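Below is one structure, written out as structure tokens, with a few remarks after it.
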């Protein structure tokens, strides 16, 4: 039996379209997409990603008003997320919005309220939660084999240089800088792995030749569980795209009985402590890390997320683990980091309006 396709408007044609298009392209039997792209120069790339027959319109507002559009995938600049989500909800469209959800908690709450009142779903594109290797690390932590978790370390490294006219260079458009833009990957997964965050303190570094907001940031957090966490982002370093560069992303968790880590391009590894020998440097035995099994379906986090989202649009059982009501808490931590640096103090969560 063939199912009626859902029709989805993709709003925007920036770099992240490639990741989203890969998800929709494999679901042609269950969905049809229309892309809103302001620049005609983007059309050739869009067709290369989604096929020569894909419909392209010049103004995303057209798609918000069209009755044949069931849902929208918002990949526009961060400062547009709130107004476009609200308008989509008013027009009865379900919403998938690329991370970060919005620039602050106030905007997140307005998005959540609009979608709730309209009876439409609000899903956020935090793709790491759907990635097999990131999920493998969660399975390890949730198993309890590491014992009591004591410490988390999460890193994000890139050499980011955007054109002078890019919206990402604008502090107001991006919602701050690198912390809000991409360290939110690490913040979101820390919450997913280890529970909610009790308080944060943060420092950052601005390099005006690159962008108005920070290009380097460090956030120290204490979890409700009592564990400590150190998160850092460095947009001024050569990482995975450079020969012998640093890792792109790295997550390491230390427990009383073992430790585990994820490293991009390498996978997820675990080590259970064999024994403890007092007054020796080698307190953890001589066993090495073992690679953890991860699902091998070959799909990226974005592809898995989009597959689950399309299922939900059809009313089918779907594993959506990045609802707007949850993702707002990730934005809240990033906003708290900015407040910490501004006020030079520890900021306690949740934030009080």
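No value in this document is a laboratory result; all are computed from the given coordinates. Quantities reported herein were computed from a predicted structural model and do not represent experimental measurements. Counting neighbours? That spans all protein chains shown, and the Cβs are built from the backbone with ideal geometry, glycine included.
Things to note:
- Taking 0.36 nm per residue of separation and subtracting the current Cα-Cα distance, fully stretching the chain between residue 28 and residue 164 would add 45.3 nm.
- Percent of beta bridges antiparallel (DSSP, the chain, rounded to nearest 5): 60 percent
- Between residue 43 and residue 65, the modelled label-to-label distance comes to 2.1 nm, taking each label 7 Å out from Cα in the direction of the beta carbon.
- By average C-beta atoms within 10 angstrom, highest first, the peptides 10-21, 28-39: 10-21, 28-39
- When you work out D = kT/(6 pi eta Rh) for the range 138-232 at 4 °C and 1.567 mPa s, using the Kirkwood radius from C-alpha pairs as Rh and the Stokes-Einstein form, the result is 89 µm²/s.
- Remark: spin-label model distance residue 206-residue 242 equals 2.5 nm, labels positioned 7 Å along the Cα→Cβ axis.
- Spin-label model distance (nm) - residue 150 vs residue 297, 7 Å beyond Cα toward Cβ: 3.7 nm
- DSSP-defined antiparallel bridges as percent of all bridges, the range 6-125, nearest 5: 0 percent
- Classification of the range 196-353 by its C-alpha gyration tensor yields a rounded form. The axis ratio a/c (a ≥ b ≥ c) stays under 1.5.
- Rg over Rh for the range 6-125 works out to 0.95, both radii taken from alpha-carbon positions and Rh defined as the Kirkwood radius.
- Euclidean distance of C-alpha centroids, the range 314-353 and the range 197-271, integer Å: 17 Å
- The angle between the Cα long axis of helix 81-90 and the main principal axis of the chain comes to about 50°, on a 0 to 90 degree scale.
- Equivalent ellipsoid dimensions for the range 202-267 as semi-axes, Å, which come from the Cα gyration tensor, largest first: 26, 20, 6
- Angle in degrees between helix 132-143 and the longest Cα principal axis of the chain, rounded to the nearest 10: 50 degrees
- Mean Cβ neighbour count within 10 Å, used as a protection proxy, ranking 295-305, 330-340 highest first: 330-340, 295-305
- Helix 324-343 vs. the chain, principal-axis angle (Cα, 0 to 90°, nearest 10): 60 degrees
- Percent of Cα-Cα distances greater than 19 Å, calculated over the range 66-177: 59 percent
- In the chain, helical runs assigned H by DSSP with n ≥ 4 each contribute -39500 (n - 2.57); averaged across all residues and rounded to the nearest 500, the mean residue ellipticity at 222 nm is -9000 deg cm²/dmol.
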